Structure formats: structure tokens, C-alpha cells
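Engineer: The structure under discussion is supplied below as C-alpha cells; questions concerning it will follow.
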Amino acid sequence: MDDTDLFAATPRLTAARPLLGLTILVVEDSRYASEAVRLLCLKSGARIRRADSLRTARRHLSVYRPNALLIDMGLPDGSGAGLIAEAAAAQPRIPVILGMSGDVAREGEALGAGADAFLAKPIASLARFQTAVLEHLPERARISCPEMPAAELRPDPALYRDDLAHAAGMIGGELGDASLDYLVQFLSGLARSAGDAPLSEATDALAEAHRKGRAPRTHLAQVAGLVQERLARAC
């Protein structure tokens, strides 16, 4: 069965559920951000599968081919750009490939690797999510949605705390350059997704100090304090 047959078999698409019958693989290490996308998929009628690393994503893709692939640009085992390039070069190609990141500066990297579009996190807008997928589906699979819903969906705050606990574990371990880079991108995307401005600003300051080759100890301590404060508040 080719893509045309597959999409032709998609049942009863409606403006309320324009992605009904589609499978979306989300490659995202943050549980909070993954839940945000899961809620968007659920509201849109799509099935979601999740991978939290490049390795796990490649294992998924060796077994099945989703209709859409959403890839975070910063993953624990490397950049999402490599996976985007692999998916874009595959034959047959996955119909929709989207890059995503809390760092809008990575849009060019995603598009250069072959992504159809880029989604800046937080991805809370149902209309923005649906439009990004629908615009790149084959013509016969699209449904016209003249009045896209304006709702924004927010994940369970408990998942934010889970991600913060993961970050705290990284901060408490040995941080080399590579692990510090990963910590910064993880916390930056997480803070933006959750609308946590103080943590976002502190993480940006840590990233800037690290980028300029300055000792990040003071900035790292500030980030660690904010993370622990939020974890303690949840107890």
C-alpha cells in the first residue's frame, strides 16, 4: 500500500479532528514537552508514538513508518539534525518531517537538514500544531479547516517536576563540555515550554557564560538553586 492508498483509507476526517488516522512519532527527551504534543495529537485525532533518544527513534523507524515525524533538535545522544537528514533521504520519504526546539536559532539547522518546517517550543497552540502538519500532507489527505481552534493545551505540572528531577541529577553529576551543553539545551527548552521565565533567563545566562569560555560555576549554582526550589515547592 502506498501513501495515497493509506491516506485515502483515513476515516471521517473533520475540522475538529483533521489528523484522524495518522500516526505521529515524536522524538523528544522531555516528558513535559512530549505530553504537550500528546495532548495536541489526541485533540486532533492522531495516534502518537514517542522516542526519547536518537537510538530509540531509529529502532521505531526500523519497524514502521509514521505519517509525521517531530524531532527535537537537542537529544541526549546527539543532534536531531542527523535524524532529520536520514528521514528526508529515506525512500519512500516520511510525508511530514518537523524539527522543534526551544531555541529558535536552530530553525535554520532543522530546515537545512531537510525538515519541512520548524516548530518553536512551547508548542501549546492546537491551531499552530495542526497547520504545521496539514500543510505538508499529500493533497488528498488534507482537510480544509477554515476556523482552526484557538485552544492552548497544557500538560500535567507533575511531568515538569519529573524533568526538573532529571536535570537535578545531571547537575549533581560530573559535567563535561558535552554534558553541560546537553543540560543547557534540555533546561532551556523545558523552561520555555513551561513558561518559567526565571529559569529560562538563568539557563540562558549559563549558556552564554559557557559559550564565551567563562567558568560557569556561579551561573550553574543559580540554575541548580532554581531547580531545587521548584522541586521543594512540589513536595
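The values are calculated or read from the model by the stated rules, or taken from the named source; none is laboratory data. Predicted model, so just to flag it, every value in this text is computed and none were measured. Note that each Cβ is placed from the backbone with ideal geometry, even for glycine, and that neighbours are counted across all protein chains shown. Quick note on the areas: whole protein, heavy atoms, side chains included, nothing else; ligands and nucleic acids left out. Shrake-Rupley method; radii C 1.70, N 1.55, O 1.52, S 1.80 Å.
Engineer: Within the range 225-235, how many residues turn out to be assigned to a helix (DSSP H, G or I) and more than 15 Å from E201 (Cβ to Cβ)? Talk me through it step by step, then tell me what you get.
Structural biologist: So in the range 225-235, the residues assigned to a helix (DSSP H, G or I) come out as 225-233.
Of the ones still in play, those that are also more than 15 Å from E201 (Cβ to Cβ) are 228, 231-233.
Number satisfying all stated conditions: 4.
Engineer: Could you tell me whether A87 is in contact (Cβ under 8 Å) with a residue 12 or more places away in the chain, farther than 30 Å from D196 by Cβ and in a helix (DSSP H, G or I)?
Structural biologist: Judged against the criteria, A87 is a match.
Engineer: Here's another thing I want to ask about it. Test each condition in (1) closer than 17 Å to A124 by Cα; (2) crowded, with 18+ Cβ neighbours inside 10 Å for L61 and report the one that comes out false.
Structural biologist: Here L61 clears every test but (1).
Engineer: How many residues, within the range 205-235, are open to solvent by 80 Å² or more (accessible area, probe 1.4 Å) and either under 21 Å from D103 (Cβ atoms) or touching a strand residue (DSSP E or B) at 6+ places or on another chain (Cβ under 8 Å) (or both)?
Structural biologist: As a first pass, look at the range 205-235 and keep what is open to solvent by 80 Å² or more (accessible area, probe 1.4 Å): 211-212, 214-215, 217-218, 222, 228-229, 233, 235.
If we keep only those that are either under 21 Å from D103 (Cβ atoms) or touching a strand residue (DSSP E or B) at 6+ places or on another chain (Cβ under 8 Å) (or both) as well, we get 211-212, 214, 222.
Qualifying residue count for the region: 4.
Engineer: Among what's in the range 11-21 and is open to solvent by 10 Å² or more (accessible area, probe 1.4 Å) and in contact with a Lys or Arg (Cβ under 9 Å, 6 or more places away or on another chain), pick the residue that is modelled with the lowest pLDDT. Full working, then the answer.
Structural biologist: Of the range 11-21, the ones open to solvent by 10 Å² or more (accessible area, probe 1.4 Å) are 11-17, 20-21.
Those still in the list that are in contact with a Lys or Arg (Cβ under 9 Å, 6 or more places away or on another chain) too: 13, 16-17, 20-21.
Numbers: L13: 61, A16: 75, R17: 83, L20: 89, G21: 89.
For the range 11-21, the residue satisfying everything is L13.
Engineer: Sticking with this one: Mind listing whichever residues of the range 91-136 are at pLDDT 95 or above, among the small types (G, A, S) and surrounded by fewer than 21 Cβ atoms within 10 Å (Cβ to Cβ)?
Structural biologist: Those that are at pLDDT 95 or above, among the small types (G, A, S) and surrounded by fewer than 21 Cβ atoms within 10 Å (Cβ to Cβ): G108, G112, G114, A117.
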